[in-house]
Amino acid sequence: MGNHTDSGTFSTGDWSTCPPRRRQFAIAEAAHHCQGRPQLQRDSAVIEVKLKYKYKARISLEECLSFGVLGEHGRGVTEHYGINIDDTDLVSANLENALASIGVFCCGRSFVIDHQRLSGQGYCFSASLPPLLAAAAIEALNIMEENPGIFAVLTEKCRQIHKALQGISGLKVVGESFSPAFHLQLEESTGSREQDVRLLQGIVDQCMNKNIARTMVCYLKKEEKCLPPPSIRVVVTVEQTEEELERAASTIKEVAQVVLP
(Lines give C-alpha, C1' and ligand atoms only; values in the text may rest on other atoms or scores of the structure.)
Protein backbone atom coordinates (compact mmCIF):
# COMPACT_ATOMS: atom_id res chain seq x y z
CA MET A 1 0.00 0.00 0.00
CA GLY A 2 2.87 2.42 0.55
CA ASN A 3 6.33 3.28 1.82
CA HIS A 4 6.49 2.69 5.59
CA THR A 5 8.99 5.52 5.99
CA ASP A 6 6.53 8.05 4.55
CA SER A 7 3.59 8.87 6.79
CA GLY A 8 1.49 10.06 3.85
CA THR A 9 1.59 7.01 1.61
CA PHE A 10 -0.98 5.10 3.67
CA SER A 11 -3.64 7.71 2.96
CA THR A 12 -2.58 8.34 -0.66
CA GLY A 13 -2.27 4.67 -1.67
CA ASP A 14 -4.68 3.30 -4.27
CA TRP A 15 -7.11 1.42 -2.06
CA SER A 16 -9.51 0.95 -4.97
CA THR A 17 -7.28 -1.81 -6.35
CA CYS A 18 -7.89 -3.97 -3.27
CA PRO A 19 -9.97 -7.05 -4.19
CA PRO A 20 -13.52 -6.88 -2.79
CA ARG A 21 -14.65 -9.16 0.03
CA ARG A 22 -11.16 -10.11 1.07
CA ARG A 23 -9.38 -9.50 4.32
CA GLN A 24 -7.49 -6.27 3.98
CA PHE A 25 -4.95 -5.08 6.53
CA ALA A 26 -3.35 -1.69 6.82
CA ILE A 27 -0.19 -2.05 8.90
CA ALA A 28 1.10 1.20 10.36
CA GLU A 29 4.26 1.89 12.34
CA ALA A 30 3.71 4.56 14.97
CA ALA A 31 7.37 5.62 15.22
CA HIS A 32 10.31 4.49 13.14
CA HIS A 33 13.54 3.56 14.92
CA CYS A 34 15.69 4.92 12.08
CA GLN A 35 14.16 8.38 12.15
CA GLY A 36 13.12 9.07 15.74
CA ARG A 37 9.79 10.52 14.72
CA PRO A 38 6.20 9.27 14.51
CA GLN A 39 5.44 7.78 11.11
CA LEU A 40 1.79 8.65 11.64
CA GLN A 41 0.92 12.33 11.64
CA ARG A 42 -2.43 13.41 13.03
CA ASP A 43 -4.00 14.53 9.74
CA SER A 44 -2.97 11.40 7.86
CA ALA A 45 -4.08 9.20 10.77
CA VAL A 46 -7.59 10.71 10.65
CA ILE A 47 -7.74 10.08 6.90
CA GLU A 48 -6.54 6.51 7.40
CA VAL A 49 -9.33 5.81 9.89
CA LYS A 50 -11.88 7.05 7.35
CA LEU A 51 -10.33 4.88 4.63
CA LYS A 52 -10.46 1.89 6.95
CA TYR A 53 -14.24 2.11 7.20
CA LYS A 54 -14.67 2.98 3.52
CA TYR A 55 -12.71 -0.03 2.25
CA LYS A 56 -13.49 -2.35 5.18
CA ALA A 57 -9.84 -2.80 6.13
CA ARG A 58 -8.38 -3.60 9.52
CA ILE A 59 -5.69 -1.37 11.01
CA SER A 60 -2.77 -3.03 12.77
CA LEU A 61 -0.68 -0.49 14.69
CA GLU A 62 2.88 -1.18 15.80
CA GLU A 63 3.82 0.94 18.85
CA CYS A 64 7.19 -0.36 20.02
CA LEU A 65 8.71 3.13 20.30
CA SER A 66 5.56 5.08 21.20
CA PHE A 67 3.89 3.00 23.90
CA GLY A 68 4.93 4.20 27.35
CA VAL A 69 6.22 7.44 25.82
CA LEU A 70 3.64 9.39 23.85
CA GLY A 71 0.35 10.65 25.19
CA GLU A 72 -0.72 12.12 28.51
CA HIS A 73 -0.80 8.66 30.10
CA GLY A 74 1.80 7.00 27.86
CA ARG A 75 -0.80 5.09 25.87
CA GLY A 76 0.87 5.73 22.56
CA VAL A 77 0.26 7.54 19.32
CA THR A 78 -3.54 7.28 19.43
CA GLU A 79 -3.66 9.15 22.73
CA HIS A 80 -0.99 11.58 21.50
CA TYR A 81 -3.16 12.57 18.52
CA GLY A 82 -6.52 12.19 20.29
CA ILE A 83 -7.70 9.34 18.08
CA ASN A 84 -10.20 6.81 19.43
CA ILE A 85 -8.36 3.57 20.19
CA ASP A 86 -11.46 1.66 19.07
CA ASP A 87 -10.73 2.75 15.51
CA THR A 88 -7.71 0.44 15.46
CA ASP A 89 -8.22 -3.30 15.34
CA LEU A 90 -4.85 -4.46 16.64
CA VAL A 91 -2.13 -2.73 18.66
CA SER A 92 1.20 -4.41 19.35
CA ALA A 93 4.36 -3.26 21.12
CA ASN A 94 7.40 -4.83 22.70
CA LEU A 95 8.14 -4.73 26.41
CA GLU A 96 11.83 -3.96 25.94
CA ASN A 97 11.78 -0.18 25.63
CA ALA A 98 9.47 1.64 28.06
CA LEU A 99 8.79 -1.39 30.29
CA ALA A 100 12.39 -2.66 30.61
CA SER A 101 11.47 -6.31 30.15
CA ILE A 102 11.33 -8.58 27.09
CA GLY A 103 8.63 -9.94 24.87
CA VAL A 104 5.64 -8.43 23.10
CA PHE A 105 2.02 -7.72 23.92
CA CYS A 106 -0.85 -7.54 21.47
CA CYS A 107 -4.31 -6.13 22.18
CA GLY A 108 -7.34 -5.29 20.12
CA ARG A 109 -10.96 -6.03 19.40
CA SER A 110 -12.38 -9.01 21.28
CA PHE A 111 -12.97 -11.13 18.17
CA VAL A 112 -9.41 -10.52 16.95
CA ILE A 113 -7.89 -11.50 20.28
CA ASP A 114 -10.20 -14.53 20.57
CA HIS A 115 -8.86 -15.69 17.21
CA GLN A 116 -5.30 -15.19 18.49
CA ARG A 117 -6.03 -17.23 21.59
CA LEU A 118 -7.48 -20.03 19.47
CA SER A 119 -4.61 -20.05 16.99
CA GLY A 120 -1.79 -19.47 19.49
CA GLN A 121 -2.50 -22.04 22.19
CA GLY A 122 0.50 -24.11 21.15
CA TYR A 123 2.84 -21.19 21.89
CA CYS A 124 1.55 -20.42 25.39
CA PHE A 125 4.13 -22.69 26.98
CA SER A 126 7.03 -22.44 24.54
CA ALA A 127 7.06 -18.68 24.03
CA SER A 128 5.69 -17.24 27.26
CA LEU A 129 7.68 -14.89 29.49
CA PRO A 130 9.53 -16.17 32.55
CA PRO A 131 7.55 -15.17 35.68
CA LEU A 132 10.25 -12.73 36.82
CA LEU A 133 10.13 -10.73 33.57
CA ALA A 134 6.33 -10.84 33.44
CA ALA A 135 6.23 -9.42 36.99
CA ALA A 136 8.72 -6.69 35.99
CA ALA A 137 6.53 -5.65 33.04
CA ILE A 138 3.41 -5.59 35.22
CA GLU A 139 5.18 -3.43 37.81
CA ALA A 140 6.30 -1.03 35.06
CA LEU A 141 2.68 -0.73 33.95
CA ASN A 142 1.66 -0.05 37.56
CA ILE A 143 4.23 2.76 37.76
CA MET A 144 2.90 4.28 34.55
CA GLU A 145 -0.67 4.13 35.83
CA GLU A 146 0.11 5.51 39.28
CA ASN A 147 2.45 8.29 38.11
CA PRO A 148 1.12 9.73 34.84
CA GLY A 149 3.10 12.91 35.44
CA ILE A 150 6.30 11.17 34.38
CA PHE A 151 5.31 11.48 30.72
CA ALA A 152 5.20 15.28 30.86
CA VAL A 153 8.59 15.22 32.63
CA LEU A 154 10.00 12.92 29.94
CA THR A 155 8.71 15.15 27.15
CA GLU A 156 10.32 18.21 28.73
CA LYS A 157 13.66 16.42 29.09
CA CYS A 158 13.46 15.31 25.45
CA ARG A 159 12.95 18.91 24.38
CA GLN A 160 15.85 20.00 26.57
CA ILE A 161 18.41 17.63 25.07
CA HIS A 162 17.03 18.11 21.56
CA LYS A 163 17.53 21.87 21.86
CA ALA A 164 20.97 21.49 23.47
CA LEU A 165 22.25 19.39 20.56
CA GLN A 166 21.21 21.88 17.89
CA GLY A 167 23.94 23.82 16.13
CA ILE A 168 26.80 21.32 16.51
CA SER A 169 29.13 21.98 13.60
CA GLY A 170 29.13 18.98 11.25
CA LEU A 171 26.20 17.19 12.90
CA LYS A 172 22.43 17.43 12.53
CA VAL A 173 19.67 16.18 14.80
CA VAL A 174 17.17 13.82 13.15
CA GLY A 175 13.92 13.28 15.04
CA GLU A 176 11.12 15.09 16.82
CA SER A 177 11.75 17.14 19.95
CA PHE A 178 9.22 15.07 21.96
CA SER A 179 10.77 11.74 21.03
CA PRO A 180 13.10 10.13 23.60
CA ALA A 181 15.00 8.33 20.83
CA PHE A 182 16.54 10.34 18.00
CA HIS A 183 19.68 10.40 15.87
CA LEU A 184 22.77 12.43 15.13
CA GLN A 185 23.91 12.32 11.52
CA LEU A 186 26.65 14.05 9.59
CA GLU A 187 25.47 17.29 8.00
CA GLU A 188 27.31 16.34 4.85
CA SER A 189 28.56 12.89 3.90
CA THR A 190 32.22 12.47 3.01
CA GLY A 191 31.10 10.45 -0.01
CA SER A 192 32.18 7.19 1.59
CA ARG A 193 29.86 5.33 3.95
CA GLU A 194 32.86 3.64 5.59
CA GLN A 195 34.48 7.03 6.30
CA ASP A 196 31.19 8.40 7.65
CA VAL A 197 30.95 5.42 10.00
CA ARG A 198 34.54 5.92 11.19
CA LEU A 199 33.92 9.58 12.01
CA LEU A 200 30.75 8.86 13.96
CA GLN A 201 32.32 5.88 15.70
CA GLY A 202 35.17 8.15 16.75
CA ILE A 203 32.65 10.43 18.45
CA VAL A 204 31.05 7.44 20.17
CA ASP A 205 34.41 6.11 21.39
CA GLN A 206 35.60 9.44 22.79
CA CYS A 207 32.25 10.02 24.49
CA MET A 208 32.60 6.61 26.10
CA ASN A 209 36.04 7.58 27.36
CA LYS A 210 34.36 10.52 29.07
CA ASN A 211 31.71 8.24 30.63
CA ILE A 212 28.95 9.24 28.20
CA ALA A 213 27.45 6.13 26.61
CA ARG A 214 26.34 6.45 22.99
CA THR A 215 26.02 3.84 20.28
CA MET A 216 26.09 3.64 16.51
CA VAL A 217 22.97 2.36 14.82
CA CYS A 218 23.58 -1.03 13.19
CA TYR A 219 21.82 -2.16 10.03
CA LEU A 220 21.65 -5.39 8.05
CA LYS A 221 23.04 -3.79 4.91
CA LYS A 222 22.03 -6.60 2.56
CA GLU A 223 18.51 -6.76 3.98
CA GLU A 224 17.69 -3.03 3.99
CA LYS A 225 15.75 -1.91 0.93
CA CYS A 226 16.54 1.74 1.68
CA LEU A 227 19.69 1.85 3.80
CA PRO A 228 19.57 4.91 6.10
CA PRO A 229 22.68 7.07 6.55
CA PRO A 230 25.02 6.16 9.45
CA SER A 231 23.97 7.75 12.70
CA ILE A 232 24.47 7.88 16.46
CA ARG A 233 21.41 7.02 18.52
CA VAL A 234 20.60 9.27 21.48
CA VAL A 235 18.15 8.00 24.08
CA VAL A 236 16.59 9.99 26.93
CA THR A 237 15.03 8.48 30.06
CA VAL A 238 12.86 10.04 32.71
CA GLU A 239 15.41 9.14 35.42
CA GLN A 240 18.17 11.30 33.93
CA THR A 241 18.69 14.62 35.68
CA GLU A 242 18.96 17.98 33.96
CA GLU A 243 22.62 18.13 34.95
CA GLU A 244 23.30 14.74 33.35
CA LEU A 245 21.59 15.79 30.14
CA GLU A 246 23.54 19.06 30.01
CA ARG A 247 26.80 17.20 30.60
CA ALA A 248 25.96 14.69 27.85
CA ALA A 249 25.17 17.45 25.36
CA SER A 250 28.29 19.45 26.17
CA THR A 251 30.47 16.33 25.90
CA ILE A 252 29.06 15.47 22.47
CA LYS A 253 29.70 19.04 21.29
CA GLU A 254 33.24 19.02 22.62
CA VAL A 255 34.09 15.65 21.09
CA ALA A 256 32.50 16.51 17.73
CA GLN A 257 34.72 19.59 17.44
CA VAL A 258 37.78 17.40 17.90
CA VAL A 259 36.78 14.46 15.67
CA LEU A 260 35.05 16.11 12.74
CA PRO A 261 37.14 17.88 10.11
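For the chain, give the percent of accessible area contributed by carbon and sulfur heavy atoms, probe 1.4 Å, rounded to a whole number. Before the final figure, lay out the partial values.
On the way: 8300 of 15450 Å².
Carbon and sulfur together cover 54 percent of it.
Using a probe radius of 1.4 Å on heavy atoms only, what accessible surface per residue do you get for the chain? Whole Å² is fine. Don't skip to the answer; put the middle values down first.
Working: 15450 Å² over 261 residues.
Result: 59 Å² of accessible area for each residue.
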- Amide H to amide H, which residues 5 or more places from Ala93 or on other chains are under 5 Å from it, using H placed in the peptide plane? Glu63, Phe105
- Query: Semi-axes of the chain's equivalent ellipsoid from the Cα gyration tensor, sqrt of 5 times each eigenvalue, largest first, rounded to whole Å?
  - Reply: 35, 23, 18
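Can you give the FRET efficiency to the nearest 0.05 for Asp114 and Ile150, using r as the Cβ-Cβ distance and R₀ = 25 Å?
Details: r = 34 Å, r/R0 = 1.35.
Efficiency at R0 = 25 Å is approximately 0.15.
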- Which aspartates and glutamates, on any chain, are close to Lys56 with Cα under 18 Å apart, when same-chain ones fewer than 8 places away are left out? Asp14, Glu48, Asp86, Asp87, Asp89
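Just check segment 98-174 against the gyration tensor rule for me: Cα atoms, a ≥ b ≥ c as the square roots of the eigenvalues, rounded for a/c under 1.5, and otherwise prolate or oblate depending on whether a/b exceeds b/c. Can you show the working numbers first?
Working: a/c = 2.65, a/b = 2.19, b/c = 1.21.
Note, shape of segment 98-174 comes out prolate.
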- Task: Please give the helix 242-259 orientation as an angle from the longest Cα principal axis of the chain, in degrees from 0 to 90, rounded to the nearest 10.
- Result: 60
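Can you tell me the relative contact order of segment 54-173? Whole percent, Cα pairs under 8 Å, sequence separation 6 or more. Don't skip to the end; give the middle numbers.
Working: 135 pairs, mean separation 26.9, N = 120.
Here the relative contact order equals 22 percent.
Would you calculate a helix-derived [θ] at 222 nm for the chain, using -39,500 (n - 2.57) for each DSSP H run of n ≥ 4 and dividing by the full residue count, to the nearest 500? Each step should come with its number before you reach the end.
Working: 8 runs with 100 residues, N = 261.
After summing the helix terms and dividing by residue count, I get -12000 deg cm²/dmol.
When only DSSP loop residues count, what GluC sites (Glu not before Pro) in segment 190-261 have their Cβ near at most 12 other Cβ atoms within 10 Å?
Glu223, Glu224, Glu239
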- Task: Compute the longest continuous run of the chain that contains no exposed trypsin sites (Lys or Arg not before Pro); treat a site as exposed when its DSSP state is not H, G, I, E or B and it has at most 10 other Cβ atoms within 10 Å.
- Result: 24-220
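Count the DSSP beta bridges whose two residues both fall in the chain, then state the antiparallel fraction as a percent rounded to the nearest 5. Walk me through the intermediate numbers first.
Details: 17 of 25 bridges.
Beta bridges within the chain, antiparallel portion: roughly 70 percent.
State, as an integer percentage, the relative contact order of segment 149-259 based on alpha-carbon contacts under 8 Å between residues 6 or more apart. Walk me through the numbers before you get to the answer.
Details: 139 pairs, mean separation 36.8, N = 111.
Answer for segment 149-259 is 33 percent.
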- Message: Just to check I understand the Karplus step: with θ = phi - 60° and J = 6.51 cos²θ - 1.76 cosθ + 1.60, what whole-Hz values come out for segment 221-227, glycine and proline as x?
- Response: 4, 6, 9, 6, 6, 10, 5
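Work out the FRET efficiency for Ile138 and Val197 from their Cβ-Cβ distance, taking R0 = 51 Å, and round it to the nearest 0.05.
On the way: r = 40 Å, r/R0 = 0.78.
E(calc), rounded to 0.05, equals 0.80.
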- Query: How far apart, in nm, are two points set 7 Å out from the Cα along the Cα-to-Cβ line at Asn84 and at Thr190?
  - Reply: 5.5
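Take every Cα pair under 8 Å in the chain that's 6+ residues apart, average their separations, divide by the length, and report that relative contact order as a whole percent. Show your work: numbers first, answer last.
Numbers: 391 pairs, mean separation 37.2, N = 261.
It comes to 14 percent, rounded to a whole number.
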- Item | Proximal lysines relative to Lys52, as straight alpha-carbon distance under 16 Å, when same-chain residues fewer than 8 apart are discounted | none
- Item | 0 to 90° range, to nearest 10: angle between helix 149-164 axis and the chain longest Cα axis | 40
- Message: Rg/Rh for segment 149-259 to two decimals, with Rh computed the Kirkwood way over all alpha-carbon pairs.
- Response: 0.98
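The values are calculated or read from the model by the stated rules, or taken from the named source; none is laboratory data. For clarity, every value in this text was computed on a predicted model and none was experimentally measured. Quick reminder, even Gly has a Cβ in these numbers, built from the backbone with ideal geometry, and neighbours come from all protein chains shown. Calculation scope for accessible area: heavy atoms of the full protein, side chains included, ligands and nucleic acids excluded. Shrake-Rupley method; radii C 1.70, N 1.55, O 1.52, S 1.80 Å.
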